[in-house]
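**Q** First, the structure itself, so that you have it in front of you.
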Amino acid sequence: MKRLLITALALCPFLAQAQNITGFLDYMDRFFVFDRGTITQLEPQKPIAFASGGDYLIYAATGGDLKVYRHGQVRTIDQGIATTPTITDHFFGYVSAGALKIFDGDSLRVLCRNTGASIVKDSIAAFYDEVQHTLQIYYDGTITPGEDALMENPVQKWSAGDNTLAWINKATLEFKIFQHGQLYVPASLVSNMRFTAGLDMVAFEDPSDRGLKVFEDGNVTNLEPVMPDSIFMGRGLFAYIDRSGALKVYQNGSLHTAMDFTPTGFFVKDSLVVINDNGYCKIFHDGSTGSVLSFWPNIWEANWGSFVYVDNGLTVNIWRNGIISTVMQRQPVKQFRLDHGLLTLVGTNNQVKIWWNGKLYEH
């Protein structure tokens with residue numbers, strides 16, 4: 001393994017938020033971890049699944065053992081699991097033999113041994129206990145009762161964001177939201193309605209007039225008199241096409257018109273809305289829409305405030321906060337993965353390169 005500095009650019013906003021850990025496979029399917037500039041082999045064989053979250057790397061080894069790499073060490077969390085865990089920035093969870101288990105970074109905790117439906121997000125998890133007939137919510141290390149029922153799951157449908165859970169009680173017909181440890185009931189007598197939860201917010205259809213409302217920090221705000229056909233939820237924002245055809249984005253308590261007309265296409269990626277405006281690439285970010293490219297790239301990916309693309313000259317570039325930086329020039333790329341701002345590239349010769357802190361590392 002060697003480390004090669006290709007270029008170092010002033011990327012202060014990017015560096016401040018980029019993740020430091022990721023996993024990758026080499027051409028022989030051996031499993032490695034990249035940790036703050038150091039590359040180490042963890043397994044001689046390809047794991048069943050792997051993903052990074054926060055400051056750790058989680059993977060299910062070939063035999064089904066669930067392992068965590070953190071602070072330079074590997075430890076086995078569980079053995080012989082037969083499922084793929086949901087991995088987030090703060091904890092990860094999975095159901096094995098009916099038991100819902102959550103790992104909060106320090107220890108593995110069994111939330112329920114008779115799990116029906118369940119959902120795991122960044123800092124919240126919810127589950128239906130089939131023996132107790134209750135809906136329970138796990139948040140901030142505490143299990144809170146959400147609903148009680150006599151014989152069956154009381155939830156008609158639900159949606160969860162990073163730290164927010166929304167659902168309809170099919171018995172009481174109440175629309176409920178759990179956020180920051182508090183339970184709210186923003187609507188009653190709900191027979192059927194559309195809603196989607198995200199980070200700190202829930203977009204929902206008003207059950208009385210069918211308009212669009214948003215719940216945020218305990219308050220409900222009217223946004224549109226007519227509910228859009230679709231709501232695309234991101235991280236701290238959501239986007240939709242209103243009845244006039246305009247592209248609207250709600251973020252930080254304000255409603256923005258990202259485009260006055262319907263674009264060729266748009267994609268909500270975490271905190272970004274990537275827009276195809278008749279072959280031009282634009283990005284809505286932090287309250288405004290800006291032009292990024294005079295063409296639409298064939299290969300691109302976006303998350304964690306970063307947008308990576310390959311131009312027609314086979315140059316890999318990364319955009320963040322309006323700044324475009326060159327990662328690699330005139331070298332064919334077979335595939336790449338953008339993981340919380342940390343970029344992993346695989347060349348046509350199967351060589352793996354990782355862009356981190358303004359440097360390109362080779363393996």
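The values are calculated or read from the model by the stated rules, or taken from the named source; none is laboratory data. In this text the structure is predicted, and so the values were computed from the model without any measurement. Every residue, glycine as well, gets a Cβ built from its backbone with ideal geometry; the counts of neighbours run over all protein chains shown.
**Q** Report yes if S271 is surrounded by fewer than 18 Cβ atoms within 10 Å (Cβ to Cβ), in contact (Cβ under 8 Å) with a residue 24 or more places away in the chain and not assigned by TED's automatic domain parsing to the domain that holds S159, otherwise no.
**A** For S271, the condition - surrounded by fewer than 18 Cβ atoms within 10 Å (Cβ to Cβ), in contact (Cβ under 8 Å) with a residue 24 or more places away in the chain and not assigned by TED's automatic domain parsing to the domain that holds S159 - is not met.
**Q** Considering each of R210, R194 in turn, give the residue that is basic (K, R) and touching a residue at least 24 places away in the same chain (Cβ under 8 Å).
**A** Selected residue: R194, the only one of R210, R194 that is basic (K, R) and touching a residue at least 24 places away in the same chain (Cβ under 8 Å).
**Q** So if I check each of I87, I39, I48, which one is within 21 Å of L343 (Cβ to Cβ), modelled with pLDDT under 90 and not charged (D, E, K, R)?
**A** Testing whether each residue is within 21 Å of L343 (Cβ to Cβ), modelled with pLDDT under 90 and not charged (D, E, K, R) leaves just I87.
**Q** Okay, next question. Hey, does segment 198-218 have a residue that's under 24 Å from the mean Cα position of the chain (by Cα) and among the polar types (S, T, N, Q)?
**A** No; the residues of segment 198-218 include none that is under 24 Å from the mean Cα position of the chain (by Cα) and among the polar types (S, T, N, Q).
**Q** Test S291 against the criterion of being touching a strand residue (DSSP E or B) at 6+ places or on another chain (Cβ under 6 Å) and over 29 Å from G198 (Cα atoms), and give yes or no.
**A** No, not satisfied.
**Q** Check whether at least one residue in segment 194-201 is among the charged types (D, E, K, R), at pLDDT 95 or above and crowded, with 19+ Cβ neighbours inside 10 Å, and report yes or no.
**A** no
**Q** I'd like the full set of residues that are part of a loop (DSSP other than H, G, I, E, B), out of contact with any strand residue (DSSP E or B) (no Cβ under 8 Å at 6 or more places or on another chain) and under 22 Å from L25 (Cβ atoms), limited to segment 59-102.
**A** Answer for segment 59-102, where residues must be part of a loop (DSSP other than H, G, I, E, B), out of contact with any strand residue (DSSP E or B) (no Cβ under 8 Å at 6 or more places or on another chain) and under 22 Å from L25 (Cβ atoms): G63, G64.
**Q** So, F307, is that one among the aromatic types (F, W, Y), assigned to a loop (DSSP other than H, G, I, E, B) and at pLDDT 95 or above or not?
**A** Here the answer is no, as F307 does not meet what is asked.
**Q** For segment 227-250, check the following and say yes or no: at least one residue is within 30 Å of A171 (Cβ to Cβ), surrounded by 18 or more Cβ atoms within 10 Å (Cβ to Cβ), touching a strand residue (DSSP E or B) at 6+ places or on another chain (Cβ under 6 Å) and modelled with pLDDT under 95.
**A** Checked against the condition, which is being within 30 Å of A171 (Cβ to Cβ), surrounded by 18 or more Cβ atoms within 10 Å (Cβ to Cβ), touching a strand residue (DSSP E or B) at 6+ places or on another chain (Cβ under 6 Å) and modelled with pLDDT under 95, segment 227-250 yields no hits at all.
**Q** Can you list residue pairs whose Cβ atoms sit under 7 Å apart, with the first residue in segment 333-351 being charged (D, E, K, R) and the second being surrounded by 14 or more Cβ atoms within 10 Å (Cβ to Cβ) and in a loop (DSSP other than H, G, I, E, B)? Count only pairs 6 or more apart in sequence or on different chains.
**A** Going by the 7 Å Cβ cut-off, the qualifying pairs are D339/Q19.
**Q** Taking K157 and the conditions (1) closer than 30 Å to V226 by Cα; (2) crowded, with 21+ Cβ neighbours inside 10 Å, which numbered condition does it fall short on, given that it satisfies the others?
**A** (2)
**Q** Related question: I want to confirm something. Restricting to segment 74-119 and keeping residues that are in contact with a Lys or Arg (Cβ under 9 Å, 6 or more places away or on another chain) and among the polar types (S, T, N, Q), which single residue is surrounded by the fewest Cβ atoms within 10 Å (Cβ to Cβ)?
**A** Looking at residues that are in contact with a Lys or Arg (Cβ under 9 Å, 6 or more places away or on another chain) and among the polar types (S, T, N, Q), I get T76.
**Q** Applying the selection to segment 42-68, what residues are of a type in the set (F, W, Y) and farther than 13 Å from D89 by Cα?
**A** Selection gives F50, Y59.
**Q** Out of curiosity, is I283 surrounded by 20 or more Cβ atoms within 10 Å (Cβ to Cβ) and of a type in the set (A, V, I, L, M)?
**A** yes
**Q** Then there is this: So is R113 among the basic types (K, R), without any contact (Cβ under 8 Å) to a residue 40 or more places away in the chain and in contact with a strand residue (DSSP E or B) (Cβ under 7 Å, 6 or more places away or on another chain) or not?
**A** yes
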